[in-house]
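The values are calculated or read from the model by the stated rules, or taken from the named source; none is laboratory data. The structure displayed is predicted, hence computed values, not measured ones. Here the Cβ positions follow ideal geometry from the backbone for every residue, glycine too, while neighbour counts run over all protein chains shown.
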Amino acid sequence: MDLSAPAVPPIALFSPEYYQNPHPTLTWLQENSPVHEFTFPVGDVRTWMVTRFDDVKTVLADPRCSTESITWGNDEFRAAGLVIAEGTILERGITVVDPPAHTRLRRLAMSAFTTRRVEQWRQTVHDVVDRTLEDCARRKNFDVMDDYAGEVSAGVLGVILGFRIERHRELVTALNEAFPSDPALIDRAPAAFGRICEYAAELVAEKRHDPSDDLTSALIQTSDEGERLSADELTGLVAAMIMGGSDTVRGFIGNAALALLDHPDQSKLLLENPELADGAVEELLRYEGALSTALFRITTEEIDLAGTRLPAGAPIIAALLAANRDPRRFDDPERLDITRSGPRHVGFGHGLHNCIGAALARLEGTIAIPALFQRFPQLSLAMPRDELRYIDNWAIRRLTALPVARSGMSGA
Amino acid sequence: MRATARVDRTLCRGTGLCEVMDSRLFSLSDDGTALARPLGPGHDPEALLEQLQDIADCCPTGAITITTTDEE
Ligand code: HEM
Ligand code: SF4
């Protein structure tokens, strides 16, 4: 055993300073401790973090690194309450089960995301974006996070899942409480999660009775024709889409808007060349995607990871944010270049659990991000740059607020 | 019956899901897109078809198509 002092980055992982700017720590880890053992702050659980692109991909592609922590997590991990959604309908949800249970849920979920259906949502996204921009245009200043990105992400989900319009506002509120910007409000999150599950259950019941041309009805129909999911499983799938597809899109649109405000040459390039939108979205996902890390992976047996031995039951965190800026993989990774081609990013994960909503997220990004700058070409920050704050969350990379002025200094 | 898979490389996004689900049947190439690999003889064709269908259905881009022929 190595008795030398453990490697510790200058700014500790998951410290308040880290949340505001994780990049120096992640770069340090890539250099000095690529398979980094540390103590996870909740419950003092022994944990490993990987930061290099190749190692992140290896972990996400290795069937011995499972998300099914309810089965593979060690006592310490369970005692710390780190098993996701334990005791709720989502504890056996798509994100946290191994095959064959995963295959069954994933087949069904994926069947609803056909190219035809995603294409059909294009108009919906345009409508929601246009409507939201009109609301923003009525004000001199607005907050990109709450007034734009949050409205668009929840609005689009509401429509495509088939929620009645009266539910939309409640959904936005519940999502705000489930993923709070203010850590003091975290107590309310479990109740909000519960409410979202209730809305999902209601929606499934309603659509079973009265199907329509929406994603929920499509899931029910395909389920009836083949896999025959229980009502709870269907509800879990709808809830997983609400949870997985709202705060991520919201966070991403915010991060993308800030990156473009920080790089006026790039936003100008995008405005003048709308055909660059697809590539721009990929680059923005690489540069500052919405998830800092994947969900916990747990080793199902003892494994060797890039030269380090990990015991069975070891929790691993794959740092997507770090992988996407690994200089071993990307040339000049700190540079935002919307014309970049070359290696793919892992902003949507990799392997078995890669994002099922990626096509929808890309659609929303390619419409909502350019539209903001087209509608308000003079858009500028309405707060000193160094006062912007990110939420204190180890997995989600999202601004608490992004106040902007829609017409530069003119005060119009 | 004989089942074969094909990956449309213009659709594939290199998510690696197919390779993780069965590395005998799919592998990621150097450019990051997936390739379907033919299996040698000695496999139960029904089971193989089912496995291929599962993987094709889980692919996020619909890049995998399966064809069956009556030969062998
Ligand atoms: C920019 C927006 C988004 C980002 C950055 C994102 C990112 C990710 C990542 C990194 C994973 C893998 C997590 C892991 O391996 O631990 C994932 C999985 C998932 N995402 Fe997304 N996502 C986004 C939007 C969406 C949308 C719009 C939906 C749904 C409508 C969605 C639903 C899901 C689901 C259900 C999974 C689990 C898939 C499985 O376990 O097989 N996501 N996402
Ligand atoms: S699952 Fe589909 S998109 Fe992913 S690598 Fe395989 S063929 Fe490509």
Practice task
Check every one of the helices (runs of 4 or more DSSP H) wholly within the stretch A:66-131 and list those with 1 or more residues that are in contact with a strand residue (DSSP E or B) (Cβ under 8 Å, 6 or more places away or on another chain).
Solution key: A:69-72, A:75-79
Practice task
Taking residue B:37 as the residue in question, decide whether it is more than 13 Å from every other protein chain (Cβ to nearest Cβ) and within 12 Å of the chain's Cα centre (by Cα).
Solution key: yes
Practice task
Considering only the stretch B:40-72, state which residues are facing chain A (nearest Cβ under 9 Å), more than 16 Å from ligand 1 (Cβ to nearest atom) and crowded, with 18+ Cβ neighbours inside 10 Å.
Solution key: none
Exercise for the section: Determine whether the stretch B:7-30 contains at least one residue that is within 16 Å of ligand 1 (Cβ to nearest atom), of a type in the set (Gly, Ala, Ser) and more than 9 Å from the chain's Cα centre (by Cα). Expected result: yes
Practice task
Within the stretch A:1-37, track down each residue that is closer than 20 Å to residue A:299 by Cβ and at pLDDT 95 or above.
Solution key: A:29, A:33, A:34, A:35, A:36, A:37
Handout entry: Filtered residues of the stretch A:343-383 (kept if more than 23 Å from the chain's Cα centre (by Cα) and either outside any helix (DSSP H, G or I) or crowded, with 19+ Cβ neighbours inside 10 Å (or both))
Key = A:376, A:377, A:378, A:379, A:380, A:381, A:382, A:383
Practice task
Return yes when residue A:195 is within 13 Å of ligand 1 (Cβ to nearest atom), buried (at least 16 other Cβ atoms within 10 Å of the Cβ) and among the basic types (Lys, Arg) and no when it is not.
Solution key: no
Exercise for the section: Kindly indicate whether any position in the stretch B:57-72 is near ligand 2 (Cβ under 9 Å from one of its atoms), in contact with a Gly (Cβ under 8 Å, 6 or more places away or on another chain) and in contact (Cβ under 8 Å) with a residue 12 or more places away in the chain. Expected result: no
Problem - Qualifying positions in the stretch A:40-77 - of a type in the set (Lys, Arg) and within 14 Å of chain B (Cβ to nearest Cβ) - result: A:57, A:64
Practice task
Please work out if residue A:395 is more than 27 Å from residue A:330 (Cβ to Cβ), away from every other protein chain (no Cβ under 11 Å) and in contact (Cβ under 8 Å) with a residue 40 or more places away in the chain.
Solution key: no
Practice task
Would you check if there is a residue in the stretch B:15-26 being within 23 Å of residue A:108 (Cβ to Cβ), of a type in the set (Asp, Glu), surrounded by 14 or more Cβ atoms within 10 Å (Cβ to Cβ) and within 10 Å of ligand 2 (Cβ to nearest atom)?
Solution key: yes
Exercise for the section: Can you give me the ranges of the helices (runs of 4 or more DSSP H) entirely in the stretch A:231-283 with at least 1 residues that are within 16 Å of ligand 1 (Cβ to nearest atom) and under 30 Å from residue A:208 (Cα atoms)? Expected result: A:231-245, A:247-262
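Let's see how each residue does on (1) more than 18 Å from residue A:346 (Cα to Cα); (2) free of Cβ contacts under 8 Å to residues at least 12 places away in the same chain:
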position: B:4; (1), (2): yes, no
position: B:8; (1), (2): yes, no
position: B:11; (1), (2): no, no
position: B:17; (1), (2): no, no
position: B:20; (1), (2): no, yes
position: B:38; (1), (2): yes, no
position: B:44; (1), (2): yes, yes
Handout entry: In the stretch B:49-72, the residues that are within 22 Å of residue B:9 (Cβ to Cβ) and either in a helix (DSSP H, G or I) or within 9 Å of the chain's Cα centre (by Cα) (or both)
Key = B:51, B:52, B:53, B:54, B:55, B:56, B:57, B:58, B:64, B:65, B:66
